[in-house]
Amino acid sequence: MLDFFISPAHAQEAAGGGGIAQIVMLVGFVLIFYFLLWRPQAKRAKQHKQLVTNLDKGDEIVIGGGLVGRISKVSDEFLTIEISEGTEVNVQKNAVAAVLPKGTIKSI
């Protein structure tokens, strides 16, 4: 019968410990979210921005859709890429997925 009785002092002690545990759990979730999601995404975005700003005429690139070509003209927002002899396409700079090593197009 005494097992079901909780003294008021014991009840306050248990409630205080639960609040701290919730705060610790919340901080833990925020840290996990930061290190697993936000930080890697920010790092990839920074690398892509650097890749886009370093594009120059003559670079061989792959755009998001898988199209491969050589840059023939660079402007502020757009690139003109030559995908075959005499065929040029305008694309946004942000569409560039990767810069290929020189001579890659000839080897394809």
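The values are calculated or read from the model by the stated rules, or taken from the named source; none is laboratory data. Computed from a predicted structure; not experimentally measured. Every residue, glycine as well, gets a Cβ built from its backbone with ideal geometry; the counts of neighbours run over all protein chains shown. Note: accessible area is taken over every heavy atom of the protein model, side chains too, but ligands, DNA and RNA are not part of it. Shrake-Rupley method; radii C 1.70, N 1.55, O 1.52, S 1.80 Å.
Quick notes
- Test result for Phe78, out of contact with any strand residue (DSSP E or B) (no Cβ under 6 Å at 6 or more places or on another chain) and either open to solvent by 90 Å² or more (accessible area, probe 1.4 Å) or at pLDDT below 95 (or both): no
- Candidate set from region 94-107 (those that are open to solvent by 40 Å² or more (accessible area, probe 1.4 Å) and among the polar types (S, T, N, Q)); member that is nearest to the chain's Cα centre (by Cα): Asn94
- Taking first residues from region 46-66 that are hydrophobic (A, V, I, L, M, F, W, C) and partners that are assigned to a helix (DSSP H, G or I) and surrounded by fewer than 15 Cβ atoms within 10 Å (Cβ to Cβ), the Cβ contacts under 7 Å between residues at least 6 apart in sequence or on separate chains come to Val52/Asn94.
- Qualifying positions in region 82-97 - outside any strand (DSSP E or B), closer than 26 Å to Ala45 by Cα and either of a type outside the set (A, V, I, L, M, F, W, C) or in contact (Cβ under 8 Å) with a residue 60 or more places away in the chain (or both): Lys93, Asn94
- Being surrounded by 13 or more Cβ atoms within 10 Å (Cβ to Cβ) and either under 28 Å from the mean Cα position of the chain (by Cα) or at pLDDT 95 or above (or both) holds for only one residue in Val91, Val24, and it is Val91.
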